[in-house]
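Quick notes on the structure that follows.
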Amino acid sequence: MNIVTLVEINEDNWYTCCQLQVSAAQAAFLEPNAISILQAKFQLTLRPYAIYYGDEMAGFLMYNTELEELDGYWVYRIMIGERFQGRGIGKAATKLMLAEIAALPDARKIVVGYHPTNEGAHHLYKSLGFVDEGDRFGKEMAVVKYID
(Lines give C-alpha, C1' and ligand atoms only; values in the text may rest on other atoms or scores of the structure.)
Protein backbone atom coordinates (compact mmCIF):
# COMPACT_ATOMS: atom_id res chain seq x y z
CA MET A 1 0.00 0.00 0.00
CA ASN A 2 1.38 3.38 -0.99
CA ILE A 3 1.41 6.10 1.64
CA VAL A 4 0.93 9.82 0.87
CA THR A 5 3.60 12.09 2.34
CA LEU A 6 4.62 15.74 2.03
CA VAL A 7 8.24 16.69 1.40
CA GLU A 8 9.38 20.31 1.29
CA ILE A 9 10.50 21.45 -2.13
CA ASN A 10 14.28 21.36 -2.20
CA GLU A 11 17.27 21.20 -4.55
CA ASP A 12 16.68 17.48 -5.13
CA ASN A 13 12.98 17.52 -6.07
CA TRP A 14 12.08 20.93 -7.51
CA TYR A 15 12.75 20.01 -11.14
CA THR A 16 10.62 16.87 -11.02
CA CYS A 17 7.86 18.94 -9.46
CA CYS A 18 8.05 21.46 -12.29
CA GLN A 19 7.48 18.64 -14.79
CA LEU A 20 4.21 17.44 -13.24
CA GLN A 21 1.20 18.20 -15.44
CA VAL A 22 -2.55 18.24 -15.00
CA SER A 23 -4.98 17.55 -17.85
CA ALA A 24 -5.41 20.18 -20.53
CA ALA A 25 -8.90 20.95 -19.18
CA GLN A 26 -7.50 21.57 -15.69
CA ALA A 27 -4.50 23.65 -16.80
CA ALA A 28 -6.61 26.80 -17.04
CA PHE A 29 -7.38 26.62 -13.31
CA LEU A 30 -3.88 26.93 -11.87
CA GLU A 31 -0.42 28.31 -12.39
CA PRO A 32 2.41 25.95 -13.36
CA ASN A 33 4.32 24.52 -10.40
CA ALA A 34 7.46 26.37 -11.52
CA ILE A 35 5.68 29.71 -10.96
CA SER A 36 4.56 28.65 -7.48
CA ILE A 37 8.04 27.45 -6.51
CA LEU A 38 9.52 30.73 -7.70
CA GLN A 39 6.85 32.68 -5.81
CA ALA A 40 7.88 30.87 -2.60
CA LYS A 41 11.47 32.03 -3.09
CA PHE A 42 10.32 35.65 -2.91
CA GLN A 43 7.37 35.37 -0.52
CA LEU A 44 9.16 33.67 2.35
CA THR A 45 6.03 32.88 4.38
CA LEU A 46 4.90 30.37 1.73
CA ARG A 47 5.55 26.65 2.30
CA PRO A 48 5.85 24.62 -0.93
CA TYR A 49 5.66 20.82 -0.74
CA ALA A 50 5.92 17.93 -3.14
CA ILE A 51 3.25 15.30 -2.64
CA TYR A 52 4.62 11.77 -2.76
CA TYR A 53 2.64 8.61 -3.32
CA GLY A 54 4.99 5.97 -2.05
CA ASP A 55 8.33 6.93 -3.58
CA GLU A 56 6.85 8.70 -6.62
CA MET A 57 6.14 12.43 -6.76
CA ALA A 58 2.44 12.77 -7.51
CA GLY A 59 1.67 16.44 -6.90
CA PHE A 60 2.38 19.80 -5.34
CA LEU A 61 0.83 22.01 -2.70
CA MET A 62 1.67 25.32 -1.07
CA TYR A 63 0.21 27.37 1.76
CA ASN A 64 0.96 30.61 3.58
CA THR A 65 2.17 30.60 7.20
CA GLU A 66 0.96 34.17 7.67
CA LEU A 67 -2.64 35.23 8.26
CA GLU A 68 -4.21 36.98 5.27
CA GLU A 69 -7.64 38.08 4.01
CA LEU A 70 -10.61 36.83 5.99
CA ASP A 71 -8.24 36.41 8.97
CA GLY A 72 -7.27 32.97 7.75
CA TYR A 73 -4.32 30.97 6.55
CA TRP A 74 -4.55 30.57 2.78
CA VAL A 75 -3.90 27.50 0.69
CA TYR A 76 -2.20 28.73 -2.47
CA ARG A 77 -1.91 25.58 -4.59
CA ILE A 78 -2.96 21.97 -4.64
CA MET A 79 -2.36 19.90 -7.74
CA ILE A 80 -2.12 16.21 -8.50
CA GLY A 81 -0.40 15.08 -11.68
CA GLU A 82 -2.79 13.74 -14.29
CA ARG A 83 -1.64 10.11 -14.06
CA PHE A 84 -2.10 10.06 -10.26
CA GLN A 85 -5.60 11.51 -10.14
CA GLY A 86 -8.61 9.57 -8.91
CA ARG A 87 -6.74 7.65 -6.18
CA GLY A 88 -7.51 9.85 -3.15
CA ILE A 89 -3.97 11.28 -3.13
CA GLY A 90 -5.13 14.90 -3.23
CA LYS A 91 -7.52 14.41 -0.32
CA ALA A 92 -4.89 12.59 1.77
CA ALA A 93 -2.28 15.28 1.05
CA THR A 94 -4.74 18.07 1.81
CA LYS A 95 -5.54 16.48 5.19
CA LEU A 96 -1.82 16.42 6.04
CA MET A 97 -1.51 20.09 5.04
CA LEU A 98 -4.61 21.09 7.04
CA ALA A 99 -3.11 19.48 10.15
CA GLU A 100 0.09 21.53 9.68
CA ILE A 101 -1.86 24.74 9.19
CA ALA A 102 -4.05 24.04 12.22
CA ALA A 103 -0.89 23.99 14.37
CA LEU A 104 0.10 27.55 13.32
CA PRO A 105 -0.39 30.45 15.78
CA ASP A 106 -3.94 31.84 15.95
CA ALA A 107 -5.20 29.24 13.47
CA ARG A 108 -8.95 29.58 13.49
CA LYS A 109 -9.72 29.25 9.81
CA ILE A 110 -8.18 28.06 6.58
CA VAL A 111 -9.15 29.64 3.27
CA VAL A 112 -8.70 28.44 -0.29
CA GLY A 113 -9.66 30.15 -3.51
CA TYR A 114 -10.54 28.39 -6.73
CA HIS A 115 -12.35 28.99 -10.00
CA PRO A 116 -16.10 28.36 -9.57
CA THR A 117 -16.20 25.95 -12.54
CA ASN A 118 -13.41 23.75 -11.14
CA GLU A 119 -15.62 20.81 -10.15
CA GLY A 120 -12.71 18.72 -8.83
CA ALA A 121 -11.64 21.45 -6.42
CA HIS A 122 -15.23 22.06 -5.37
CA HIS A 123 -15.77 18.39 -4.53
CA LEU A 124 -12.46 18.10 -2.64
CA TYR A 125 -12.95 21.17 -0.46
CA LYS A 126 -16.61 20.42 0.29
CA SER A 127 -15.69 16.86 1.33
CA LEU A 128 -13.14 18.31 3.78
CA GLY A 129 -15.61 20.67 5.46
CA PHE A 130 -14.92 23.93 3.62
CA VAL A 131 -17.98 26.19 3.29
CA ASP A 132 -18.82 28.91 0.78
CA GLU A 133 -19.73 32.10 2.62
CA GLY A 134 -19.99 34.16 -0.55
CA ASP A 135 -16.44 35.56 -0.56
CA ARG A 136 -15.04 36.33 -4.01
CA PHE A 137 -11.60 37.54 -5.06
CA GLY A 138 -11.44 38.44 -8.71
CA LYS A 139 -12.37 35.35 -10.75
CA GLU A 140 -12.08 33.03 -7.74
CA MET A 141 -14.44 32.05 -4.98
CA ALA A 142 -12.98 31.59 -1.52
CA VAL A 143 -14.18 28.82 0.78
CA VAL A 144 -13.44 28.57 4.48
CA LYS A 145 -12.76 25.73 6.90
CA TYR A 146 -13.10 26.55 10.57
CA ILE A 147 -10.64 24.87 12.89
CA ASP A 148 -12.25 23.23 15.91
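The values are calculated or read from the model by the stated rules, or taken from the named source; none is laboratory data. In this text the structure is predicted, and so the values were computed from the model without any measurement. We place every Cβ from the backbone using ideal geometry, glycine too, and count neighbours over all the protein chains shown. Protein only, heavy atoms only, side chains kept; ligands, DNA and RNA dropped before computing areas. Shrake-Rupley method; radii C 1.70, N 1.55, O 1.52, S 1.80 Å.
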Query - Other-chain or far-sequence residues with amide H under 5 Å of Y76's (modelled H) - result: M62, Y63, N64
Report summary line: Length gained, V7-R108, 0.36 nm per residue minus C-alpha separation, equals 33.9 nm
Report summary line: Classified through the alpha carbon gyration tensor (a ≥ b ≥ c as square roots of its eigenvalues; rounded if a/c is under 1.5, else prolate when a/b is larger than b/c, else oblate), the chain comes out rounded
Query raised in the report: Got a sec to turn the phi values of the stretch 142-148 into Karplus ³J(HN,Hα) couplings, 6.51 cos²θ - 1.76 cosθ + 1.60 with θ = phi - 60°, whole Hz, x for Gly and Pro?
Result: 10, 10, 10, 10, 8, 8, 5
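Divide by every residue of the chain the summed helix terms, -39500 (n - 2.57) for each DSSP H run of at least 4, and state the resulting mean residue ellipticity at 222 nm, rounded to the nearest 500 deg cm²/dmol. Display every interim value, and only then the final one.
On the way: 5 runs with 43 residues, N = 148.
Counting only the DSSP helices, I get -8000 deg cm²/dmol.
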Requested in this report: Enumerate the calculated ³J(HN,Hα) couplings along the stretch 121-132 in order (Karplus 6.51 cos²θ - 1.76 cosθ + 1.60, θ = phi - 60°), each rounded to whole Hz, writing x wherever the residue is Gly or Pro.
Outcome: 5, 4, 4, 4, 5, 5, 5, 9, x, 6, 10, 8
Query raised in the report: Which residues' amide hydrogens lie under 5 Å from the amide hydrogen of L104, considering only partners 5 or more residues apart or on another chain, with H built in the peptide plane?
Result: none
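On the accessible surface of the stretch 1-100, probed at 1.4 Å, how many percent belong to carbon and sulfur atoms? Don't skip to the answer; put the middle values down first.
Working: 2900 of 5470 Å².
Answer for the stretch 1-100: carbon and sulfur cover 53 percent of the accessible area.
Quick one: dipole size for the chain, taken about the Cα centre, charges +1 on Lys/Arg Cβ and -1 on Asp/Glu Cβ, in debye to the nearest 20. Could the numbers behind the result be given before it?
Details: 13 positive and 19 negative charges, 67 e Å.
Computed charge dipole of the chain: roughly 320 debye.
What translational D, rounded to a whole number of µm²/s, comes out for the stretch 63-111 from Stokes-Einstein when the hydrodynamic radius is the Kirkwood one over Cα pairs, at 10 °C and 1.306 mPa s? Write out the running numbers ahead of the final one.
Numbers: Rh = 11.7 Å.
Estimated diffusion coefficient is 136 µm²/s.
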Query raised in the report: Over the stretch 17-87, with a single point scatterer placed on each C-alpha, what log10 of the ratio I(q)/I(0) does the Debye formula yield at q = 0.19 1/Å?
Result: -0.78
Report summary line: Given the candidates W74, L61, G90, the one whose Cα lies deepest towards the positive end of the charge dipole of the chain, counting +1 at each Lys or Arg C-beta and -1 at each Asp or Glu C-beta, is G90
Report summary line: Given a 1.4 Å probe, the accessible area of the stretch 1-44 per residue, as a whole number of Å², is 72 Å²
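With every protein chain kept in the model, how would you rank D148, D135 by accessible area, 1.4 Å probe, largest at the top? Present the calculation step by step, with values, prior to reporting the outcome.
Numbers: D148 190, D135 40 Å².
Largest to smallest exposure gives the sequence D148, D135.
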Requested in this report: For the stretch 56-73, take each phi angle, set θ = phi - 60°, evaluate the Karplus expression 6.51 cos²θ - 1.76 cosθ + 1.60, and give the result in whole Hz per residue in order, putting x for glycine and proline.
Outcome: 9, 6, 10, x, 8, 8, 7, 9, 9, 8, 10, 4, 10, 3, 6, 6, x, 8
